[in-house]
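Colleague: Take a look at the following structure, please.
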Amino acid sequence: MKWEECSLIRKEKVGEDMLGNAEYSEFRVKDCPGRFTPWTNEEVHLEGRDITQNQRKLLLRLPFSDFPTCEKVMIAGLSYEIKRVIDLSPRFVLLHVKAYKRGK
(Lines give C-alpha, C1' and ligand atoms only; values in the text may rest on other atoms or scores of the structure.)
Protein backbone atom coordinates (compact mmCIF):
# COMPACT_ATOMS: atom_id res chain seq x y z
CA MET A 1 0.00 0.00 0.00
CA LYS A 2 1.23 3.42 -0.91
CA TRP A 3 1.29 6.41 1.44
CA GLU A 4 -0.51 9.46 0.02
CA GLU A 5 -0.47 13.09 1.10
CA CYS A 6 -3.39 13.98 3.42
CA SER A 7 -4.60 17.42 4.43
CA LEU A 8 -6.25 17.93 7.80
CA ILE A 9 -8.98 20.57 7.61
CA ARG A 10 -10.60 22.70 10.31
CA LYS A 11 -13.77 24.77 10.03
CA GLU A 12 -13.44 28.25 11.58
CA LYS A 13 -15.92 31.04 12.03
CA VAL A 14 -15.07 33.99 9.77
CA GLY A 15 -18.02 36.29 10.46
CA GLU A 16 -21.77 36.67 10.39
CA ASP A 17 -24.27 37.36 7.66
CA MET A 18 -26.92 40.11 7.77
CA LEU A 19 -29.26 37.88 9.80
CA GLY A 20 -26.66 37.10 12.43
CA ASN A 21 -25.96 33.56 11.25
CA ALA A 22 -22.38 32.40 11.62
CA GLU A 23 -20.34 32.04 8.43
CA TYR A 24 -17.61 29.41 8.36
CA SER A 25 -14.67 28.73 6.11
CA GLU A 26 -12.40 25.70 5.87
CA PHE A 27 -8.66 26.00 6.46
CA ARG A 28 -5.94 23.43 5.88
CA VAL A 29 -4.22 22.93 9.25
CA LYS A 30 -1.58 20.29 8.54
CA ASP A 31 -0.37 17.91 5.83
CA CYS A 32 0.92 14.40 6.56
CA PRO A 33 1.24 11.01 4.84
CA GLY A 34 -1.68 8.60 5.20
CA ARG A 35 -3.23 5.44 3.76
CA PHE A 36 -6.45 3.49 4.06
CA THR A 37 -6.37 0.22 5.97
CA PRO A 38 -8.84 -2.70 5.77
CA TRP A 39 -11.26 -3.74 8.48
CA THR A 40 -10.41 -7.03 10.20
CA ASN A 41 -13.04 -9.71 10.85
CA GLU A 42 -12.86 -8.95 14.60
CA GLU A 43 -13.54 -5.24 14.00
CA VAL A 44 -16.49 -6.04 11.75
CA HIS A 45 -17.88 -8.25 14.52
CA LEU A 46 -17.30 -5.64 17.27
CA GLU A 47 -18.29 -2.49 15.38
CA GLY A 48 -21.13 -3.96 13.36
CA ARG A 49 -21.59 -4.11 9.63
CA ASP A 50 -23.40 -0.74 9.46
CA ILE A 51 -20.27 1.06 10.70
CA THR A 52 -17.79 -0.85 8.57
CA GLN A 53 -19.86 -0.44 5.38
CA ASN A 54 -20.16 3.34 5.72
CA GLN A 55 -16.81 4.23 7.24
CA ARG A 56 -13.16 3.68 6.35
CA LYS A 57 -10.00 3.54 8.45
CA LEU A 58 -7.24 5.99 7.61
CA LEU A 59 -3.81 5.58 9.16
CA LEU A 60 -1.78 8.81 9.47
CA ARG A 61 1.98 8.86 9.96
CA LEU A 62 1.77 11.54 12.61
CA PRO A 63 2.30 11.39 16.39
CA PHE A 64 -0.91 11.91 18.38
CA SER A 65 0.74 14.85 20.17
CA ASP A 66 1.02 16.64 16.77
CA PHE A 67 -2.56 15.87 15.68
CA PRO A 68 -4.48 19.17 15.47
CA THR A 69 -8.15 19.79 16.20
CA CYS A 70 -9.91 19.22 12.88
CA GLU A 71 -13.20 17.99 11.45
CA LYS A 72 -12.22 16.72 7.99
CA VAL A 73 -9.39 15.10 6.10
CA MET A 74 -8.72 15.26 2.36
CA ILE A 75 -6.89 12.45 0.58
CA ALA A 76 -6.66 11.67 -3.14
CA GLY A 77 -8.95 14.59 -3.96
CA LEU A 78 -11.80 13.32 -1.74
CA SER A 79 -12.98 14.85 1.51
CA TYR A 80 -13.90 12.72 4.54
CA GLU A 81 -15.58 13.63 7.82
CA ILE A 82 -13.63 12.46 10.89
CA LYS A 83 -15.82 10.31 13.14
CA ARG A 84 -13.24 8.89 15.57
CA VAL A 85 -9.58 9.51 16.44
CA ILE A 86 -7.47 6.69 17.93
CA ASP A 87 -4.02 7.21 19.44
CA LEU A 88 -1.48 4.64 18.18
CA SER A 89 1.52 6.27 19.83
CA PRO A 90 4.32 6.90 19.30
CA ARG A 91 4.16 7.10 15.48
CA PHE A 92 0.60 6.90 14.20
CA VAL A 93 -2.97 8.17 14.49
CA LEU A 94 -5.88 6.06 13.22
CA LEU A 95 -9.01 7.82 11.99
CA HIS A 96 -12.44 6.38 11.32
CA VAL A 97 -13.75 8.55 8.49
CA LYS A 98 -16.95 8.80 6.49
CA ALA A 99 -17.23 10.17 2.96
CA TYR A 100 -18.21 13.82 3.14
CA LYS A 101 -21.20 14.58 0.94
CA ARG A 102 -21.47 18.07 -0.45
CA GLY A 103 -24.69 19.61 -1.61
CA LYS A 104 -24.61 20.59 -5.29
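The values are calculated or read from the model by the stated rules, or taken from the named source; none is laboratory data. None of the values given here were measured: they were computed from a predicted structure. Virtual Cβ from ideal backbone geometry, glycine too; neighbours counted across all protein chains shown. Just the protein is used for accessible areas: all its heavy atoms, side chains included, with ligands, DNA and RNA removed. Shrake-Rupley method; radii C 1.70, N 1.55, O 1.52, S 1.80 Å.
Colleague: Does any residue of the stretch 68-78 turn out to be in contact with a Phe, Trp or Tyr (Cβ under 7 Å, 6 or more places away or on another chain) and in contact (Cβ under 8 Å) with a residue 24 or more places away in the chain?
Modeller: Looking for residues that are in contact with a Phe, Trp or Tyr (Cβ under 7 Å, 6 or more places away or on another chain) and in contact (Cβ under 8 Å) with a residue 24 or more places away in the chain, one finds at least one in the stretch 68-78, hence yes.
Colleague: A further question follows. Evaluate the following for ALA76: is it open to solvent by 60 Å² or more (accessible area, probe 1.4 Å) and aliphatic (A, V, I, L, M)?
Modeller: yes
Colleague: Right, here's the next one. As an exercise: evaluate GLY20 against (1) on the phi > 0 side of the Ramachandran plot; (2) not in a loop (DSSP other than H, G, I, E, B) and give the number of the one condition it does not meet.
Modeller: All conditions pass for GLY20, except number (2).
Colleague: Just to be sure I understand, how many residues within the stretch 24-59 are among the polar types (S, T, N, Q), open to solvent by less than 50 Å² (accessible area, probe 1.4 Å) and under 19 Å from LYS98 (Cα atoms)?
Modeller: Qualifying residue count for the region: 3.
Colleague: Name the single residue, out of those in the stretch 3-23 being open to solvent by 90 Å² or more (accessible area, probe 1.4 Å) and within 18 Å of the chain's Cα centre (by Cα), that is modelled with the lowest pLDDT.
Modeller: LYS11
Colleague: Okay, next question. Quick one: which strands (runs of 3 or more DSSP E) sit completely within the stretch 38-92 and have at least 1 residues that are β-branched (Val, Ile, Thr) and either within 13 Å of the chain's Cα centre (by Cα) or closer than 22 Å to LYS2 by Cα (or both)?
Modeller: Answer list for the stretch 38-92: 72-75, 78-88.
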